[in-house]
Amino acid sequence: MTLAPSDTLVAFDLIGVLAEPSWRELAPTPDLARWRRLKVGALEEPDFWDSSTAAAYRACLRLRPDRLALVAHLRARGHRIAVASNFARAWAPVVRAQLPDPALVDRWFISGELGVAKPDPGFWQILRAAAADVVLVDDQRENLAGARAAGLRAVWALPGADLPARLLAALGA
Amino acid sequence: MRGPVDYAPLFAELGLTADEAANVLAAAADAHARLVALRAGLADALPPGCAAFALGSLGRYESSAASDLDLAVVYQPDRIDPAAAQQARQRLAADLRARGYDVADKTFHSAVALGALLGDIGGRNDTNDHLTYRALLLTEGAWLCNADQAAAVVESLFGAYARGAITRGRYLTSLSNDLQRYYRTICVDYRFKVESAGKHWAIRYFKLRHSRKLWHLANLAVFCRAALLPDDERDGWLAEQLPRPPLLRTADALRPLGGLGLCAGLVRAYDGFLAALADPQARRALDQLGYDDREASPLFRRLRDGAERFDAAATAVVGHLWDTSRDHLVRYGML
């Protein structure tokens, strides 16, 4: 069966792929136990870190212009676009507001909103139900392995590799 | 690096107590605290199209209150006018000085265009400054402003080597050669600075024998380890390892080669060096030490003894690489 571009949902991770920086780079004392709860919506941000750190993270959090250009290119080719990220519910609006066009992203799979995070099989199950063909773009090898085991395709956003070329090759362009 | 350096698991593996590595731990904590404060305070300090990095001890997570700040600003001319980038760099340097940082206008005295670092690697227009930027941004560049663009800069640099059509080599040889070239350059540059430019010799001497040598050793170990990985895993492993602090990447390279225990000697010797660098009195004494007076200085003799121990530990590491990854060490690290 030949897939049309619109049958493929390209799902981008945020930190390390579409956006920077990680919360850990702004946290004076990163608390991974709290992060594990925050990223699945079991903790609210005021209980995660103080308000000044929260404000600093929002001020630093940016979408990468080069990756936005890639997303726009894929959109122009007819692919559907998703964001699939382990990310706090409270931070998602900051990223959404930076999109040059809100219609650039069709679906948002934010762990803090879903209540489940990568690489939990439940996350892949939700993602897989969204399209006939899903290509995950992620920088974490553990997530790539999990996605592939769940029947998704996956492309490693390897630092220094030519991500547009690798992704377009995976998409058969 | 994403967040603070966590040496605790490594030191536990090595059987080192917190006291034996107190200065390594303190330097890592100091660097993270400084980076967090600077990032929070400088979030809007640079316009889009520029990224700012801390190189040197802060970028290696080895800083102290006595450290200066090597500020590097890299810009993309298609996104910002070069003159505007220079002005932004000057404002940022002034801001950092107002915060109490010693920002030297030496190698990194002006903003540099990303294309200048990528376009002519090894060619006529590839200067020592360009080499310095590339080597340090890849191995000890901690972002200060515009993390989104900083990530793109580092990926472009790595990609310049990884995407070489003819020269990259199976083992990313063009990158390892460029890193070795930088190390040899600073070793020779020491001669010029001390013999001809009237710079303080002692602190440079001990930096060469500790931090510079560790940086080189870490790269050597990482590439020797990478050579033994399957081809399709090598680039990714290198890209992940190179930004890590030298002690961690040495350990990560030696662990699968059965040589992790050799890191204990490195850590102990390096800890003594960091203790001296964090001590303003010791730094001042080194700055004032005449070459002919060195043997009369207890500080000099103590640091030299530490440097000898560091050499012994480093030699043992190279010996282990000789035993476990000899082909790569000889063919690509030496010949």
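The values are calculated or read from the model by the stated rules, or taken from the named source; none is laboratory data. The structure displayed is predicted, hence computed values, not measured ones. A quick note on method: Cβ atoms are made from the backbone with ideal geometry, for glycine too, and the neighbour counts reach across all protein chains shown.
Looking only at the range A:17-43, residues that are farther than 14 Å from A:Ala117 by Cα, touching a residue at least 40 places away in the same chain (Cβ under 8 Å) and not acidic (Asp, Glu) come to 5 in all. Filter the range A:127-167 for residues that are free of Cβ contacts under 8 Å to residues at least 12 places away in the same chain and under 22 Å from B:Val153 (Cα atoms); which is surrounded by the fewest Cβ atoms within 10 Å (Cβ to Cβ)? Only one residue tops the list, namely A:Ala165.
What about B:Arg91, is it over 25 Å from B:Tyr182 (Cβ atoms) and among the charged types (D, E, K, R)? Yes; evaluated as a whole, the condition is true for this residue. Residues in the range B:255-299 that are of a type in the set (Ser, Thr, Tyr) and touching a residue at least 60 places away in the same chain (Cβ under 8 Å) were compared, and the one that is surrounded by the most Cβ atoms within 10 Å (Cβ to Cβ) is B:Tyr270.
Of everything listed in (1) more than 12 Å from chain A (Cβ to nearest Cβ); (2) farther than 22 Å from B:His210 by Cβ; (3) touching a strand residue (DSSP E or B) at 6+ places or on another chain (Cβ under 9 Å), the single unmet condition for B:Ala12 is (3). Considering the range B:117-167, the residues that are closer than 23 Å to B:Trp237 by Cα and β-branched (Val, Ile, Thr) include one that is farthest from the other protein chains (Cβ to nearest Cβ), namely B:Thr132.
For every residue, the table says whether it meets (1) within 14 Å of another protein chain (Cβ to nearest Cβ); (2) in a helix (DSSP H, G or I).
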| site | (1), (2) |
| --- | --- |
| B:Gly198 | no, no |
| B:Ile203 | no, yes |
| B:Leu208 | no, yes |
| B:Trp215 | no, yes |
| B:Val222 | no, yes |
| B:Ala226 | yes, yes |
| B:Arg234 | yes, yes |
| B:Trp237 | yes, yes |
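Note on the range B:155-173: residues that are of a type in the set (A, V, I, L, M, F, W, C) and either surrounded by fewer than 18 Cβ atoms within 10 Å (Cβ to Cβ) or part of a loop (DSSP other than H, G, I, E, B) (or both) total 3.
Scanning the range A:138-154 for residues that are away from every other protein chain (no Cβ under 14 Å) and either out of contact with any Lys or Arg (no Cβ under 8 Å at 6 or more places or on another chain) or of a type in the set (Phe, Trp, Tyr) (or both) yields a total of 3.
Within the range B:82-122, take every residue that is among the acidic types (Asp, Glu) and loosely packed, with under 13 Cβ neighbours inside 10 Å and give me the one that is nearest to B:Ser57 (Cα to Cα). Among residues in the range B:82-122 that are among the acidic types (Asp, Glu) and loosely packed, with under 13 Cβ neighbours inside 10 Å, the one nearest to B:Ser57 (Cα to Cα) is B:Asp102.
Residues are listed down the side, and each one gets a yes or a no for (1) within 30 Å of A:Leu63 (Cβ to Cβ); (2) within 12 Å of chain A (Cβ to nearest Cβ); (3) without any contact (Cβ under 8 Å) to a residue 12 or more places away in the chain; (4) not aliphatic (A, V, I, L, M):
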{"position": "B:Gly3", "(1), (2), (3), (4)": "yes, yes, no, yes"}
{"position": "B:Ala21", "(1), (2), (3), (4)": "no, no, no, no"}
{"position": "B:Ala27", "(1), (2), (3), (4)": "no, no, no, no"}
{"position": "B:Gln86", "(1), (2), (3), (4)": "yes, no, no, yes"}
{"position": "B:Arg91", "(1), (2), (3), (4)": "yes, no, no, yes"}
{"position": "B:Ala104", "(1), (2), (3), (4)": "no, no, no, no"}
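Restricting attention to the range A:23-48, the residues that are within 11 Å of chain B (Cβ to nearest Cβ) and crowded, with 17+ Cβ neighbours inside 10 Å add up to 7.
Any residue in the range A:155-165 that is away from chain B (no Cβ under 14 Å), at pLDDT 95 or above, on the phi < 0 side of the Ramachandran plot and in contact with a helix residue (DSSP H, G or I) (Cβ under 7 Å, 6 or more places away or on another chain)? Within the range A:155-165, none of the residues are away from chain B (no Cβ under 14 Å), at pLDDT 95 or above, on the phi < 0 side of the Ramachandran plot and in contact with a helix residue (DSSP H, G or I) (Cβ under 7 Å, 6 or more places away or on another chain).
Where helices (runs of 4 or more DSSP H) sit wholly within the range A:113-173, those with at least 2 residues that are closer than 28 Å to A:Ala42 by Cα occupy A:121-128, A:141-149.
Is the range A:127-137 home to any residue that is more than 14 Å from chain B (Cβ to nearest Cβ), within 28 Å of B:Ala162 (Cβ to Cβ) and among the small types (Gly, Ala, Ser)? Scanning the range A:127-137 turns up no residue that is more than 14 Å from chain B (Cβ to nearest Cβ), within 28 Å of B:Ala162 (Cβ to Cβ) and among the small types (Gly, Ala, Ser). The residues listed here are A:Arg107, A:Arg80, A:Arg148; of these, the one that is farther than 29 Å from A:Ala33 by Cα and among the charged types (D, E, K, R) is A:Arg80.
Restricting attention to the range B:285-335 and to residues that are aromatic (Phe, Trp, Tyr) and touching a Phe, Trp or Tyr at 6+ places or on another chain (Cβ under 8 Å), the residue that is farthest from B:Gly258 (Cα to Cα) turns out to be B:Tyr291. The criterion of at least 1 residues that are surrounded by fewer than 17 Cβ atoms within 10 Å (Cβ to Cβ) and aliphatic (A, V, I, L, M) is met, among helices (runs of 4 or more DSSP H) falling completely within the range B:1-70, by B:8-14, B:22-41. The set of residues in the range B:128-154 being among the acidic types (Asp, Glu) and buried (at least 21 other Cβ atoms within 10 Å of the Cβ) consists of B:Glu140, B:Asp148.
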